[in-house]
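So the structure is just underneath, and the comments pick up after that.
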Amino acid sequence: MAAAADPRLIVPLDVRTTGEARVLVAALGDTVSFYKVGLELFATDGMALARELKAGGKQVFLDWKLHDIGATVQRSAAALAGAGCDLLTVHGEPQVMAAAVKGRAGSALKILAVTVLTSLTDEDLAQMGYAFGAKALVERRIRQAVDAGCDGIVASPHEAALARAIGGPDFLVVTPGVRPDWSAKNDQARAATPLEALTAGASHIVCGRPITAAEDPRAAALKVIAEMAGG
Ligand code: C5P
């Protein structure tokens, strides 16, 4: 029986090689329709994998967090748009966001801003010369992402409601840090369940190890999908 993938579920391919990623994608089959390809796979032919996934009818999120001068970001976004990918992350600085939006013009590629890396503390930001703490900077950058014409942001489930309120109903709010009650928290200290994240305003959830490290990834994906539906 064909399983119904939930297009709001994004599974990150956080593995060492594209070969391992292909094994995982084959195991998940029709339960997952959206994959995130991160920087780890960039070095081992991640773009070839992205094209393959697209050819196989999947959606692809390139989590490459571009951060460079405007001209370079613009050309990079244009090149990635040409590859037919669906989502691309860039750092949430106004020049970078505006350049990415310009680069993807006329394509289906959507630009997501990474507001503030969750690894940065208020102390780190002060040391880097920022006048804002993390919470205030996140809010400021969500507003700047909207102004720059970004399609959405990456946010923790705890920032999802704020992002939804600022961005409006069509804004993409993509939340990692999602853990079903039955799974290990790993290093996600402030995790929310799939349904909590969606209820808070997430349009998509990124859920990795509860699925990818499960003995039966397909069964785990189906369990997460059932939870997303509130069941
Ligand atoms: O396995 P897990 O569900 O923790 O994977 C979450 C994914 O989301 C990883 O690819 C991780 O790099 C990414 N991510 C995150 N927290 C952020 C930003 C991205 O966990 N703040």
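Residue under question is Leu62, and the condition is that it be hydrophobic (A, V, I, L, M, F, W, C), modelled with pLDDT of 95 or more and over 19 Å from Ala81 (Cβ atoms); does it hold?
Considered against the rule, which asks whether it is hydrophobic (A, V, I, L, M, F, W, C), modelled with pLDDT of 95 or more and over 19 Å from Ala81 (Cβ atoms), Leu62 comes out as no.
Name the residue, out of Lys36, Lys58, that is of a type in the set (Lys, Arg), over 13 Å from the mean Cα position of the chain (by Cα) and within 20 Å of Thr212 (Cβ to Cβ).
Going through Lys36, Lys58 in turn, the sole match is Lys58.
Tell me whether the range 181-192 contains one or more residues that are of a type outside the set (Ser, Thr, Tyr) and touching an Asp or Glu at 6+ places or on another chain (Cβ under 7 Å).
No: the range 181-192 contains no residue that is of a type outside the set (Ser, Thr, Tyr) and touching an Asp or Glu at 6+ places or on another chain (Cβ under 7 Å).
Is it true that some residue in the range 149-169 is open to solvent by 60 Å² or more (accessible area, probe 1.4 Å), out of contact with any strand residue (DSSP E or B) (no Cβ under 6 Å at 6 or more places or on another chain) and part of a loop (DSSP other than H, G, I, E, B)?
Within the range 149-169, one or more residues are open to solvent by 60 Å² or more (accessible area, probe 1.4 Å), out of contact with any strand residue (DSSP E or B) (no Cβ under 6 Å at 6 or more places or on another chain) and part of a loop (DSSP other than H, G, I, E, B).
Criterion first (of a type outside the set (Lys, Arg), away from the ligand (no atom under 14 Å from the Cβ) and modelled with pLDDT under 95) does Thr31 satisfy it?
When the stated conditions are applied, Thr31 does not pass them.
Checking Ala78 against (1) within 13 Å of Leu13 (Cα to Cα); (2) open to solvent by 30 Å² or more (accessible area, probe 1.4 Å); (3) in a helix (DSSP H, G or I), which single condition isn't satisfied?
Exception for Ala78: condition (1).
Collect the residues in the range 212-221 that are open to solvent by less than 50 Å² (accessible area, probe 1.4 Å) and closer than 12 Å to Val25 by Cβ, keeping them in residue-number order.
Within the range 212-221, Thr212, Pro217, Ala221 qualify.
Could you go through the range 109-119 and let me know if any residue there is surrounded by fewer than 17 Cβ atoms within 10 Å (Cβ to Cβ) and more than 29 Å from Ala78 (Cβ to Cβ).
Within the range 109-119, one or more residues are surrounded by fewer than 17 Cβ atoms within 10 Å (Cβ to Cβ) and more than 29 Å from Ala78 (Cβ to Cβ).
If the Cβ limit is 6 Å and pairs must be 6+ apart or interchain, which residue in the range 138-155 that is within 16 Å of the ligand (Cβ to nearest atom) pairs with which residue that is of a type in the set (Phe, Trp, Tyr) and open to solvent by less than 40 Å² (accessible area, probe 1.4 Å)?
Here the result reads Gly152/Phe171, each pair linking the range 138-155 to a residue that is of a type in the set (Phe, Trp, Tyr) and open to solvent by less than 40 Å² (accessible area, probe 1.4 Å).
Have a look at Ala21, Ala5 and point out the one that is assigned to a loop (DSSP other than H, G, I, E, B), farther than 28 Å from Ala145 by Cα and touching a strand residue (DSSP E or B) at 6+ places or on another chain (Cβ under 9 Å).
Within the list Ala21, Ala5, the selection yields Ala5.
Keeping to the range 127-148, report how many residues are open to solvent by 40 Å² or more (accessible area, probe 1.4 Å), of a type outside the set (S, T, N, Q) and either at positive phi or in a helix (DSSP H, G or I) (or both).
Adding up the residues that qualify gives 8.
Kindly indicate the residue of the range 180-210 that is within 8 Å of the ligand (Cβ to nearest atom) and at pLDDT 95 or above and also surrounded by the most Cβ atoms within 10 Å (Cβ to Cβ) among those meeting that condition.
Filtering first and then ranking leaves Cys207.
Rundown of residues vs (1) touching a residue at least 60 places away in the same chain (Cβ under 8 Å); (2) open to solvent by 30 Å² or more (accessible area, probe 1.4 Å), yes/no style:
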{"position": "Tyr35", "(1), (2)": "no, no"}
{"position": "Glu40", "(1), (2)": "no, yes"}
{"position": "Glu52", "(1), (2)": "no, yes"}
{"position": "Val60", "(1), (2)": "no, no"}
{"position": "Trp64", "(1), (2)": "no, no"}
{"position": "Thr89", "(1), (2)": "yes, no"}
{"position": "Pro94", "(1), (2)": "no, yes"}
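Which numbered condition trips up Ala5, out of (1) surrounded by 15 or more Cβ atoms within 10 Å (Cβ to Cβ); (2) within 16 Å of the ligand (Cβ to nearest atom); (3) small (Gly, Ala, Ser)?
The failed condition is (2).
The values are calculated or read from the model by the stated rules, or taken from the named source; none is laboratory data. Being a predicted model, the structure only gives us computed values, none of them experimental. No Cβ is skipped: glycine too gets one built from the backbone with ideal geometry, and neighbour counts run over all protein chains shown. The area values use the complete protein model at the heavy-atom level, side chains included, leaving out ligands, DNA and RNA. Shrake-Rupley method; radii C 1.70, N 1.55, O 1.52, S 1.80 Å.
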